[in-house]
Amino acid sequence: MYRACIFDLDGTLANTLYSIASFSNEALKQCGYPAIPDEKYRRIVGDGVDMQIRRMLTAVTGRPPAERESAKLKEIYCRLYGNRPAYLVREYPRMRRTLAALKEKGIATAVLTNKPDAWAREIIDSLFPRGSFELCLGQRPGIPRKPSPAGALMIAEKFDLEPKEILYLGDTNTDMKTGNGAGMDTAGVLWGFRDRRELEENGAVYILKTPDDILSVANTKR
């Protein structure tokens, strides 16, 4: 049995797509750009705010953005998001129950995300009971963003566990690269922002269709 699970946040624990789209499109509007359809953000998010901003500007202008353009859009986006991180965020069905069941089995849980740490903590606190996770590690100085395995390995050290004892769960290629790079088994989730092909091509050991599948996988060890 795995002794711990590390969860990505966006598209894994929480459906943040429409929250991200809303703040992103408002920032684009304030900068004089057209909106991007909500569903297209599935391919825009996932690698941190800086990369998201570059992809947004490329999508609306058709060219690589200038540094000044990116800086202005990022400042507005971060101000909007930072004021209301939990806006339009929804828990995936049965996720709360799944986390409680993991706790009952003595399996430790943590969150690792490229979202800024303060935003991540506010979202987690808004969705899940206190104590649902032993650790929540968002983007902060000194910790390289995913797909660097540094954050995952830091969590393993905090838990005093070997990487092979931990299951890493996420919904994008970035997550699969992170878990694999840390020497952890990876589970790709299909309820998030990306598809099965992307997850399998990036080394997912398991493919999960619903949060209920987490329990059956966490109780096994390949």
Going through (1) closer than 28 Å to LYS164 by Cβ; (2) out of contact with any Lys or Arg (no Cβ under 7 Å at 6 or more places or on another chain); (3) buried (at least 18 other Cβ atoms within 10 Å of the Cβ); (4) not β-branched (Val, Ile, Thr) one by one, LYS74 fails only at (1)
Pairs please, first residue from segment 191-215 and under 20 Å from TYR2 (Cβ atoms), second anywhere and open to solvent by 50 Å² or more (accessible area, probe 1.4 Å) and of a type in the set (A, V, I, L, M, F, W, C), Cβ atoms under 6 Å, 6+ apart in sequence or on different chains. LYS209/LEU190
Please verify whether TYR41 is aromatic (Phe, Trp, Tyr), open to solvent by less than 10 Å² (accessible area, probe 1.4 Å), closer than 21 Å to ASP195 by Cβ and touching a helix residue (DSSP H, G or I) at 6+ places or on another chain (Cβ under 6 Å), treating the condition exactly as stated. yes
Residues satisfying the stated conditions in segment 156-178, i.e. part of a helix (DSSP H, G or I) and under 14 Å from TYR2 (Cα atoms): ALA156, PHE159, PRO163, LYS164, GLU165
Looking at ASP185, ASP175, which one is over 15 Å from the mean Cα position of the chain (by Cα), acidic (Asp, Glu) and under 19 Å from GLU200 (Cα atoms)? ASP185
Which one of the conditions (1) closer than 20 Å to GLY138 by Cα; (2) outside any helix (DSSP H, G or I) does SER19 fail to meet, given that it meets all the rest? (2)
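Going by the structure shown, is ALA86 open to solvent by 20 Å² or more (accessible area, probe 1.4 Å), in contact with a helix residue (DSSP H, G or I) (Cβ under 7 Å, 6 or more places away or on another chain) and of a type in the set (Gly, Ala, Ser)?
The answer is yes for ALA86.
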Out of curiosity, is ASN25 open to solvent by 10 Å² or more (accessible area, probe 1.4 Å) and in contact (Cβ under 8 Å) with a residue 24 or more places away in the chain? no
Can you tell me which of GLU162, GLU91, GLU157 is under 15 Å from the mean Cα position of the chain (by Cα) and surrounded by fewer than 18 Cβ atoms within 10 Å (Cβ to Cβ)? GLU91
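The values are calculated or read from the model by the stated rules, or taken from the named source; none is laboratory data. All values derive from a computational prediction rather than experimental measurement. So basically every Cβ, Gly included, is an ideal-geometry build from the backbone, and we count neighbours across all protein chains shown. Side chains included, ligands, DNA and RNA excluded: accessible areas come from the protein's heavy atoms. Shrake-Rupley method; radii C 1.70, N 1.55, O 1.52, S 1.80 Å.
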